[in-house]
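S.K.: Shown below is the structure under consideration.
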Amino acid sequence: MSAFQIPVATTRSVTGIPTGRLAIWWVLASEIVIFGGLVTCYILFRLRHPEWAAEAAHTKLAAGAFNTFVLLTSSLSVVLAHLAATKKDTVNAKRYLTYTILGGLVFLCVKAYEYTSEISHGFTITRSVFWSFYYTATALHALHVVGGMTIMAIILPDVAKGKFLPRVEYIGIYWHFVDLVWLFLFPLFYIASAA
């Protein structure tokens, strides 16, 4: 097989669904189990510990809200990248993927600011079970943001050349999942002080 020939397994489909799309949905199914278990455990603990509202009041609500805006905006840019890719508009597909990567970078910078600020005020992972959940869930999510950004950076050169354009859709599906997870984490950890 030459360096530019794609494997047969990625081009054929018994189900009628492109293999890449089917694969990404299988990956997301496993991710749902991971995040679903974590969120379910948090909610069950939270129901038994109303005092966690006082702990949640120390999270950076404005930073979390800003990061929500950043992720939703990056979701729009990945949709526009996919739209451009379907039209074989490689210039705009590359541009919008780059915007999405930059959105992920902004998200991570804000998250680093939050962690630094919270840890400097004594809110560490060992302070309480609330903070253990907070750091575990948000760090796991941040790791998925890094993963999505990395994959986008890897496919960017091929997108610019107009090669393997369906990959833009697949990374877009993954990125939407990452955004959806954040839409659960944001109210659970940042707005939880109101509960």
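Coordinate-derived values only; no laboratory data. A quick note: this is a predicted structure, and the numbers were derived from the prediction, not measured. In this analysis, Cβ positions are derived from the backbone assuming ideal geometry, glycine residues included, and neighbour counts consider all displayed protein chains.
S.K.: Take the range 91-126 and flag every residue that is in contact (Cβ under 8 Å) with a residue 60 or more places away in the chain and farther than 30 Å from residue 161 by Cβ.
M.R.: The answer is 118, 121, 123.
S.K.: Would you confirm whether any residue within the range 50-58 is assigned to a helix (DSSP H, G or I), in contact with a helix residue (DSSP H, G or I) (Cβ under 9 Å, 6 or more places away or on another chain), surrounded by fewer than 16 Cβ atoms within 10 Å (Cβ to Cβ) and of a type in the set (Gly, Ala, Ser)?
M.R.: Yes, there is a match, as at least one residue in the range 50-58 is assigned to a helix (DSSP H, G or I), in contact with a helix residue (DSSP H, G or I) (Cβ under 9 Å, 6 or more places away or on another chain), surrounded by fewer than 16 Cβ atoms within 10 Å (Cβ to Cβ) and of a type in the set (Gly, Ala, Ser).
S.K.: Return yes when residue 47 is under 17 Å from residue 190 (Cα atoms), among the aliphatic types (A, V, I, L, M), without any contact (Cβ under 8 Å) to a residue 60 or more places away in the chain and surrounded by fewer than 20 Cβ atoms within 10 Å (Cβ to Cβ) and no when it is not.
M.R.: So residue 47 passes the test.
S.K.: If you don't mind, there's one more thing I want to ask. Residue by residue through the range 81-100, note down the ones that are surrounded by fewer than 19 Cβ atoms within 10 Å (Cβ to Cβ) and part of a helix (DSSP H, G or I).
M.R.: 83, 86, 90, 91, 92, 95, 98, 99
S.K.: Something else: Give the residues of the range 127-141 that are under 22 Å from residue 65 (Cα atoms), surrounded by fewer than 17 Cβ atoms within 10 Å (Cβ to Cβ) and in contact (Cβ under 8 Å) with a residue 40 or more places away in the chain, sorted by residue number.
M.R.: 136, 140, listed by residue number.
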